[in-house]
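Values in this text are rule-based calculations from the coordinates and carry no lab data. Note that the structure is a prediction, hence the values are computed from the model and not measured. Counting neighbours? That spans all protein chains shown, and the Cβs are built from the backbone with ideal geometry, glycine included.
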Amino acid sequence: MGIVSWLVLGLIAGIIAKVLLPGRDPGGIVGTTLIGIVGSFIGGWLSTKFLHRPIPKDFGEPSMWIASVAGALVLLIAYRLLFGNSRDRR
């Protein structure tokens, strides 16, 4: 996959993670994309390390999307545990 594919995958995974865990998190579209991209790497690493599943190379592979969204969710939950949910502050 090329860099553009990773950016698109990260953006979509980040959006899905934020839809599943709504809240007012800073960053907008850039933050969402970064959460998704880093989450994709985390999800791929977790999938490889603990489930012994290799990272697929096809952009349309469902297991890659599931791992990416799961990794973005883990990252978003960790962010909120460390820094708190900004919704509570307002």
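Take the Cα of I66, step 7 Å toward its Cβ, do the same at L20, and the gap between the two points is 1.1 nm. Placing R0 at 25 angstrom, the Cβ-Cβ distance between S5 and A78 gives a FRET efficiency of 0.50 after rounding to 0.05.
Summary of packing: across the peptides 40-52, 62-74, the per-residue average of other C-beta atoms within 10 Å ranks them, highest first, as 62-74, 40-52. Close amide H contacts of R53 (hydrogens built in the peptide plane, cut-off under 5 Å, sequence separation of 5 or more or a different chain): T48.
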